[in-house]
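Q: Mind looking over this structure? Questions follow.
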Amino acid sequence: MAVKVLVKAEDLFQVGEDKRVELVKGEIVEMSPTGMEHGAIVVNLAMLIGGYVHANGLGRVYAGEPGVILERDPDTVRAPDLMFIAASRLPAQGTPAGFGDVVPDLAVEVVSPNDRWSEIEEKVDDYLAAGVRMIWVVNPKTRSVHVYRPSSDARRILESDTLQGEEVLSGFAVPAKDLFK
């Protein structure tokens, strides 16, 4: 019987940036490269949310799948497509070079064509269990956004609706269709 060796977050960081991976309960999970549509949506989100956050001094937006430690022993490191951390919760020592250990207030995942919905739900569950206040799952195929919050049912925002930051990004509102331009 093979002995399973669990990986720590610090060891995962040493893997380098040549691979797209996450760490789930100590096990490395490889991810495929994303497509062009996925990248365009992430850029739209980064411009819309990043501009709003910067203009209002609300905190910091991170994009490009930054690793964030959600759980220890065994370690889980997820890499949202985009995340926001409120100013009051930013690390006093500044942005770390490695994985962050401050759980985001908002995590955004953009669904890729090869993603399975069960995998997306597992990520959402991990974010919620770690204390993320809001998760947006952006689905290019259906041109919709699923909004998840602790202790509430998921809501589906259609392309014709307005996506709002609620109290996590107070005052932020954008037509959902703008994500898919």
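The values are calculated or read from the model by the stated rules, or taken from the named source; none is laboratory data. Quick caveat: nothing in here was measured; it's all calculated off a predicted structure. When we count neighbours, we look across all protein chains shown, and the Cβ atoms used for this are built from the backbone with ideal geometry, even at glycine. Surface accessibility is based on the protein's heavy atoms, side chains included, excluding ligands, DNA and RNA. Shrake-Rupley method; radii C 1.70, N 1.55, O 1.52, S 1.80 Å.
Q: Go through (1) over 19 Å from VAL168 (Cβ atoms); (2) assigned to a strand (DSSP E or B); (3) small (Gly, Ala, Ser) and name the single condition ALA97 misses.
A: Status for ALA97: all satisfied but (2).
Q: Let me ask something else about it. Using the structure shown, decide if GLY26 is surrounded by 13 or more Cβ atoms within 10 Å (Cβ to Cβ) and at pLDDT 90 or above.
A: No, not satisfied.
Q: From the list ASP115, ASP126, ASP178, pick out the single residue that is touching a residue at least 60 places away in the same chain (Cβ under 8 Å), in contact with a strand residue (DSSP E or B) (Cβ under 9 Å, 6 or more places away or on another chain), open to solvent by 10 Å² or more (accessible area, probe 1.4 Å) and within 22 Å of THR76 (Cα to Cα).
A: Unique residue meeting the criteria: ASP126.
Q: Does GLU71 satisfy the criteria of being on the phi < 0 side of the Ramachandran plot, open to solvent by 20 Å² or more (accessible area, probe 1.4 Å) and without any contact (Cβ under 8 Å) to a residue 40 or more places away in the chain?
A: Taking the combined requirement at face value, the residue does not satisfy it.
Q: Can GLU109 be described as open to solvent by 60 Å² or more (accessible area, probe 1.4 Å) and of a type in the set (Asp, Glu)? Full working, then the answer.
A: Working: open to solvent by 60 Å² or more (accessible area, probe 1.4 Å): no; of a type in the set (Asp, Glu): yes.
No, not satisfied.
Q: Pull up the stretch 1-23, narrow it to residues that are open to solvent by less than 60 Å² (accessible area, probe 1.4 Å) and at pLDDT 75 or above, then point me to the one that is nearest to ILE69 (Cα to Cα).
A: Only one residue fits best here, namely ALA9.
Q: Within the set of pairs 6+ apart or on separate chains, which have a first residue in the stretch 89-105 that is under 26 Å from GLU167 (Cβ atoms) and at pLDDT 85 or above, a second that is in a loop (DSSP other than H, G, I, E, B) and of a type in the set (Gly, Ala, Ser), and C-beta atoms under 6 Å apart?
A: VAL103/GLY131
Q: Please go through the stretch 43-68 and pick out each residue that is open to solvent by less than 20 Å² (accessible area, probe 1.4 Å) and farther than 13 Å from LEU106 by Cα.
A: Matches in the stretch 43-68: GLY67 only.
Q: Sort out which residues of the stretch 147-165 are over 13 Å from the mean Cα position of the chain (by Cα), open to solvent by less than 80 Å² (accessible area, probe 1.4 Å) and not charged (D, E, K, R), and write them in order of number.
A: Selection gives PRO150, SER152, ALA154, ILE157, LEU158, THR162, LEU163, GLY165.
Q: Would you check which residues across the stretch 87-106 are open to solvent by 20 Å² or more (accessible area, probe 1.4 Å) and small (Gly, Ala, Ser) and list them?
A: ALA87, SER88, ALA92, GLY94, ALA97, GLY98
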